[in-house]
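Peer 1: I have a structure I would like to understand better, so I am pasting it below and will then ask my questions one at a time.
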Amino acid sequence: MTTKPISPARKWTFRLLSILLGPLLFLGIIELILSIAGTGYSTDFLIFDPNDKTKWQDNKNFSRRFFPPEMTRNSQPILISKDKPKNTHRIVIFGGSAAMGDPDPAFGPLRILEVMLESRYPETNFEVVNTAVTAINSHVVREIAADLEKFESDLWIVYMGNNEVYGPFGAGTVFGSVAPPLWINRTGLFFKKTKIGQLAESIFSGKGKDRKSWGGLEMFLDKLISRDDPVLERVYRNYAYNLSDIISSAREANADVLVSSVAVNLKDCPPFRSNDDTAKRLFGEKKFIEARDEDALRFRADSRINAVAREVAGNQKARFVDAEKGLSADGVPGDELFVDHVHFTFKGSYWLARLFADEAVASLGLGESKNPWLSELDCAERLGLTPVHRIQILREMRQWFSQSPFKDQANNKERDSNIKADLVRFANEQTVQVLDKAESNYDQFLKDDPSDWQLRKEYAILLAARNKNKASSLQYEKIADLLPHRPEMWYRFGSSCQRQSDWAKAQKAFEKAILIKPDFHQAYFSLGLCQIEQKAWSVAGESFEKAVEFKPDYVTAWIRWGQLLESQGKTQEAINKYELALEEVPDSLAVNKLLASRYLQKSDNKKAANYFREAVRVSPKDTESNLGLALSLIKQQKTNEGVPILRNVLKMDPNNSTAKRYLRQLGLDN
């Protein structure tokens, strides 16, 4: 019997297999060894609660594949049963910070939708899950959706589009590769799922000196993308593919899916940047949609993004709600619905939730109800929104608007005046009767649902504002017990203990936060303060050292570390810390002034003058810096330079006694 010869094609197949199988087997063994050794991290969005395998919790490491270590973002806390309870509908929202509910998710669209449904259908239970994360886009949402195929749910709401250009893998991103082809993007994400990929990333990323922490929208100011830039076509195409995959994941999870267009502030948000002033001209002509589309800082979902969302939803036969159109029913949307360019006021969140509510009723088959939908005022009361919370949000937004690109907008002064007026109005509404009633409501609502951590958080804020620190701390402690896996909850509890000067209890809370999040720089700083109060000075120094290790530009920690050393008589060591701080943040007014004053005390007037000069450069109208510079120059016999500066000090502060005294000593008139 003759053996049939092997064909050349089969020979080459065997050769290729032999070449590939060896390396693949080797990599498989390495992957297995790394897994057994506990190397790397889970890339799932939801992981089992280590203390209760019947529950899912959010994974603090999920966003590490998409953001540099110093910029990782987290969702709102999630701790929910694996199996959906009977007579319960689960609703999940996906998207970025607008979907999450910034500036305070406790008063965002999903929370309002929840209380609206609960009120209208009291015999039915509703669980809402907020998977939205600041700065993410469809590339990240797709990964979250794929993981949630394992999660028992009924309705997915997809509200995304603002971050397609500047989020991960976008055309103007600062988080990694800029708009790579989709296959490269997805191959890279798959590689980062492996332990080998994670090990390689940790080795090659290292701890570079140019590490940057989260810097808000200012991080993107040099990433202008014009409307006709060809790279945008890839952005729109990737958005379409990702959205289609998200809808497919919803169906794998046996959940209905509701896709929404994205509404933005058109009327009261002038274009951030305009390459040729076209956007500004269109805005001046009140062509607000066209002006938005021409804006070269593309922080708002544009017409094409919303058109793609509508088209993909139609092609996939998914539910679609046109939020852009719905929130324009009473005119062009502006500050009445938005606190900034894309994030909602409470009114805006209410009306978005109202749009979602009708679709949710149809999707979940809830039918008619004799109960009406809650009004905006009813929802505000049910969620515990008080003048205290409105003032807190306005203060945060005012700080937000003091930074670029908002401070560069033509209407920034008018906006600031409006915020000041609102702050006065809400301050006048903080009567004892109003706040007493709010406390009573909180007590009743928490009695009905003790597990509502968001309600407890807002209650704690109200109590702290009324100087009821012990009662506030009790609420934060209960929140930490409800969500023990979230480090920020232990941090907030620790901070509330600090306000009561309960240093030992605060220290334990901060230590728990650090145990969960070892690079939690704020917790290290606060821990150091607690240790100082307990006279544990050496370990306090170690805590401050950790704080600046994980956040090198943490000026406050550098200063407090230096002050600790000074209190121990270690002046030169303190000066060394201040100089290290200045290497990280050269434009720090506080550090330049500290160094200048220390050298002035040491009679090193030349160095003192140098640092005071830097302080004046940073803040030309700072009286102390100008005065210090004048004195350090005069002490170097540089009277001709020092005297004009002294006179300038008196222009800024006519009653400055030190400047007057030195001029008299020099025999000069004021």
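Peer 1: Given the stretch 69-163, what strands (runs of 3 or more DSSP E) lie entirely inside it while holding 2 or more residues that are open to solvent by less than 30 Å² (accessible area, probe 1.4 Å)?
Peer 2: Here the list reads 88-95, 125-130, 155-159.
Peer 1: Quick one: in the stretch 276-301, which of the residues that are open to solvent by less than 40 Å² (accessible area, probe 1.4 Å), among the charged types (D, E, K, R) and in contact (Cβ under 8 Å) with a residue 40 or more places away in the chain is farthest from VAL332 (Cα to Cα)?
Peer 2: Here the answer is ARG298.
Peer 1: Applying the selection to the stretch 438-455, what residues are touching a helix residue (DSSP H, G or I) at 6+ places or on another chain (Cβ under 9 Å) and open to solvent by 60 Å² or more (accessible area, probe 1.4 Å)?
Peer 2: Scanning the stretch 438-455 gives ASP443, PRO450, SER451.
Peer 1: A further question follows. Can you tell me which residues in the stretch 539-559 are open to solvent by less than 70 Å² (accessible area, probe 1.4 Å) and within 26 Å of ASP604 (Cβ to Cβ)?
Peer 2: GLY541, PHE544, VAL548, VAL555, ALA557, TRP558, ILE559
Peer 1: A follow-up question, please. Is it true that ARG415 is open to solvent by less than 30 Å² (accessible area, probe 1.4 Å), in a helix (DSSP H, G or I) and either in contact with a Gly (Cβ under 8 Å, 6 or more places away or on another chain) or within 30 Å of ALA279 (Cβ to Cβ) (or both)?
Peer 2: Against the criterion (open to solvent by less than 30 Å² (accessible area, probe 1.4 Å), in a helix (DSSP H, G or I) and either in contact with a Gly (Cβ under 8 Å, 6 or more places away or on another chain) or within 30 Å of ALA279 (Cβ to Cβ) (or both)), ARG415 qualifies.
Peer 1: Something else: Please enumerate the residues belonging to the stretch 580-600 that are touching a helix residue (DSSP H, G or I) at 6+ places or on another chain (Cβ under 9 Å) and over 20 Å from ASP622 (Cα atoms).
Peer 2: LEU580, ALA581, GLU584
Peer 1: Taking the stretch 347-370 on its own, how many of its residues are open to solvent by less than 40 Å² (accessible area, probe 1.4 Å) and not in a loop (DSSP other than H, G, I, E, B)?
Peer 2: Here the count works out to 11.
Peer 1: Given the structure, is ARG273 at pLDDT below 95, open to solvent by 50 Å² or more (accessible area, probe 1.4 Å) and in a loop (DSSP other than H, G, I, E, B)?
Peer 2: The answer is yes for ARG273.
Peer 1: I need the full set of residues from the stretch 343-377 which are touching a Leu at 6+ places or on another chain (Cβ under 6 Å) and either of a type in the set (Asp, Glu) or modelled with pLDDT under 95 (or both), in order please.
Peer 2: GLU359
Peer 1: Taking ASN59 and the conditions (1) in contact with a Leu (Cβ under 7 Å, 6 or more places away or on another chain); (2) open to solvent by 10 Å² or more (accessible area, probe 1.4 Å); (3) closer than 22 Å to GLY384 by Cα, which numbered condition does it fall short on, given that it satisfies the others?
Peer 2: (3)
Peer 1: Another one. Mind counting the residues in the stretch 512-528 that are under 24 Å from GLN454 (Cα atoms) and either surrounded by fewer than 17 Cβ atoms within 10 Å (Cβ to Cβ) or in contact with a Pro (Cβ under 9 Å, 6 or more places away or on another chain) (or both)?
Peer 2: 8
Peer 1: Now, a different point. Could you give every pair whose Cβ atoms fall below 8 Å, whose first residue belongs to the stretch 641-670 and is over 13 Å from LEU631 (Cβ atoms) and open to solvent by 40 Å² or more (accessible area, probe 1.4 Å), and whose second residue is assigned to a helix (DSSP H, G or I) and of a type in the set (Ser, Thr, Tyr), counting only separations of at least 6 or pairs across chains?
Peer 2: Short answer, once both residue conditions are applied: MET652/THR623; ASP653/THR623.
The values are calculated or read from the model by the stated rules, or taken from the named source; none is laboratory data. What you are looking at is a predicted structure, and each value in this text was computed from that prediction instead of being measured. When we count neighbours, we look across all protein chains shown, and the Cβ atoms used for this are built from the backbone with ideal geometry, even at glycine. We work out accessible area using only protein heavy atoms, side chains counted, and drop any ligands, DNA or RNA first. Shrake-Rupley method; radii C 1.70, N 1.55, O 1.52, S 1.80 Å.
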